[in-house]
Amino acid sequence: MFGIYLKRELGRRKKAALVIALGLALGIALVITVNSVSAGMTQAQDKVLKSLYGLGTDMTVTKARSAPTGNSSGRPNFEFDAKSNDSDETQSSDRVMTQGGQALKAALVAKVAKQDGVANAVGAITLNVTKVDGSFTQGKAQSTTGSSSQSQGQGGPGGGSGGNSTAAPQVQGGGASFDVNSYSVAGVDVTDQTLGPLAGMEITSGKTFTAAQTNAKVVVLSKSYAKENKYKVGKTLKISGTKYTIIGIATASSSESTTDVYLPLKQAQTLADAKNQVTTIYVKATDSKQIDTVKATIQKNISGTTVTTSADLADTVSGSLSTASNLATSVGKWLSIAVLVAAFLVAALLTSSAVSRRVREFGTLKALGWPSRRVTRQVVGESMVNGLLGGALGIGLGLAAAYAVTAISPKLTAQLGSTGGGGGMGGGPGGGGPGQQSTQNTMEIALSAPVSLTTIALAVGLAVTGGLIAGAMGGWRASRMRPADALRSVS
């Protein structure tokens, strides 16, 4: 009886039911769209952060660089031979400097790994290599000869020196022509490549390091650096007088890479004269929900270090990606809440208004013996059907909007700024730390709008909530009617 009556009443009031359902549908569709776009923003930021952190990294441990002491400015200097027989001879010099914060003892890696909540920790060292090559050209000494008339009167009393005189020789010509090239190097723990700079890279040519190559003279290059300098697998790369065999070319799996050359950790330490030292410790937590707790534990037990989480690093992302993310998070969510509340109120008011126009019907039903709770259940049932219909339409509209955003894939830019923990070095080529290098790294990210099952479940919950709110108001209005109201409404 309940189902038959419900179907008949909804069929009689198709327009009113459709208006209520559409109002709820618009609010639900906006919520789905905003949530899916926000999820897309989060994915885009994760892609940007992986280029710095490495896949699976939850936080990094560094130490801020202290101010230079004494006469050490921390700036690179270059020394070349300047012998007389070096004219027009090509000379080359590499300056290898650690990049980022102050070096940490490699023993701290094991100490960090033992902290509560830490699943794994590996050390890495970041270097900047500034290569200067070119040649000096020596100038030639040339002398000029003057006439006797020009030199007359300069020989003292009794007359001039007479004849021609030779002036002091002057050096003419000469100079120098040098090219400066700077690139970044990362020392990787080859025994565990699941964390660190190489974790987010995919080998597209050749192979990666093996666990036995802890001190081998081999390198892996980023695809962009190899293409720019025309390097291929099997060729050699010379760094500070040492030749390394190129065994692989790697491409960032999610975004651009900020590192050009990857070396075994021991080889990188040897280049930088930093034996048993690292500049960054990459950490993976046992539980992603306890990252803040793990951060506090590391900072408490290992003094003097700076722990940077992905959330901290996300705050340094600027550009249109950050602007769009802020809009989706603040303006978009508040707008969707406002529209949803308005949709619920409209549905409740329309349902209440429909009940007011059904005075004769509900009064007659009560006169026939229907109790108030049955009348209320009838109104709530109709409202629930309207809510579910609105939820179905809203999910359809929301999915269409999310698909449209993904199909268009608008491009957003992301600029990576300094977290303040790296502490760049001042002055000179290659003097910037990771933060300064990141500031110059601008990426383009294609925006997508994935719809999760959680978002769909939220939409269904909102539809049911909207139906219950509308049904509660309408049912309360219907339960207050008396059979006498029906008799008074008869003309």
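The values are calculated or read from the model by the stated rules, or taken from the named source; none is laboratory data. Nothing here was measured: the structure is a model prediction, and the numbers come from that model. Positions of Cβ are generated from backbone atoms using ideal geometry, with glycine treated the same way; all protein chains shown enter the neighbour counts. With ligands, DNA and RNA removed, areas are computed over all heavy atoms of the protein, side chains included. Shrake-Rupley method; radii C 1.70, N 1.55, O 1.52, S 1.80 Å.
Tabulated values for the structure
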quantity	calculated
Members of segment 250-302 that are over 21 Å from THR191 (Cα atoms) and among the aliphatic types (A, V, I, L, M)	ILE291, VAL294, ALA296, ILE298, ILE302
Count of residues meeting criterion [touching a Gly at 6+ places or on another chain (Cβ under 8 Å), more than 19 Å from GLY234 (Cα to Cα) and open to solvent by 50 Å² or more (accessible area, probe 1.4 Å)] in segment 184-214	1
Matching residues in segment 104-138 - criterion: being open to solvent by 40 Å² or more (accessible area, probe 1.4 Å), among the aliphatic types (A, V, I, L, M) and outside any helix (DSSP H, G or I)	ALA119
Given (1) within 16 Å of VAL129 (Cα to Cα); (2) part of a loop (DSSP other than H, G, I, E, B), number of the condition THR194 does not satisfy	(1)
Every pair of residues 6+ apart whose Cβ atoms lie under 6 Å, when the first sits in segment 371-382 and is more than 17 Å from LEU468 (Cβ to Cβ) while the second is open to solvent by less than 50 Å² (accessible area, probe 1.4 Å)	SER372/SER479
Residue in segment 265-279 that is in contact with a Leu (Cβ under 8 Å, 6 or more places away or on another chain), β-branched (Val, Ile, Thr) and either modelled with pLDDT of 90 or more or within 21 Å of VAL218 (Cβ to Cβ) (or both) present	yes
Lone qualifier among SER438, SER448 - being under 17 Å from the mean Cα position of the chain (by Cα) and modelled with pLDDT of 70 or more	SER448
Test: THR251 is assigned to a loop (DSSP other than H, G, I, E, B), on the phi < 0 side of the Ramachandran plot and touching a helix residue (DSSP H, G or I) at 6+ places or on another chain (Cβ under 6 Å)	no
Residue satisfying all of: in segment 226-243; in a loop (DSSP other than H, G, I, E, B) and modelled with pLDDT of 90 or more; most open to solvent (accessible area, probe 1.4 Å) among these	LYS230
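To keep it simple, each residue is scored yes or no on (1) modelled with pLDDT under 75; (2) open to solvent by 60 Å² or more (accessible area, probe 1.4 Å); (3) under 18 Å from LEU458 (Cα atoms); (4) in a helix (DSSP H, G or I).
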{"site": "THR351", "(1), (2), (3), (4)": "yes, no, no, yes"}
{"site": "VAL379", "(1), (2), (3), (4)": "no, no, no, yes"}
{"site": "GLY387", "(1), (2), (3), (4)": "no, no, yes, yes"}
{"site": "ILE395", "(1), (2), (3), (4)": "no, no, yes, yes"}
{"site": "LEU399", "(1), (2), (3), (4)": "no, yes, yes, yes"}
{"site": "THR413", "(1), (2), (3), (4)": "yes, no, no, no"}
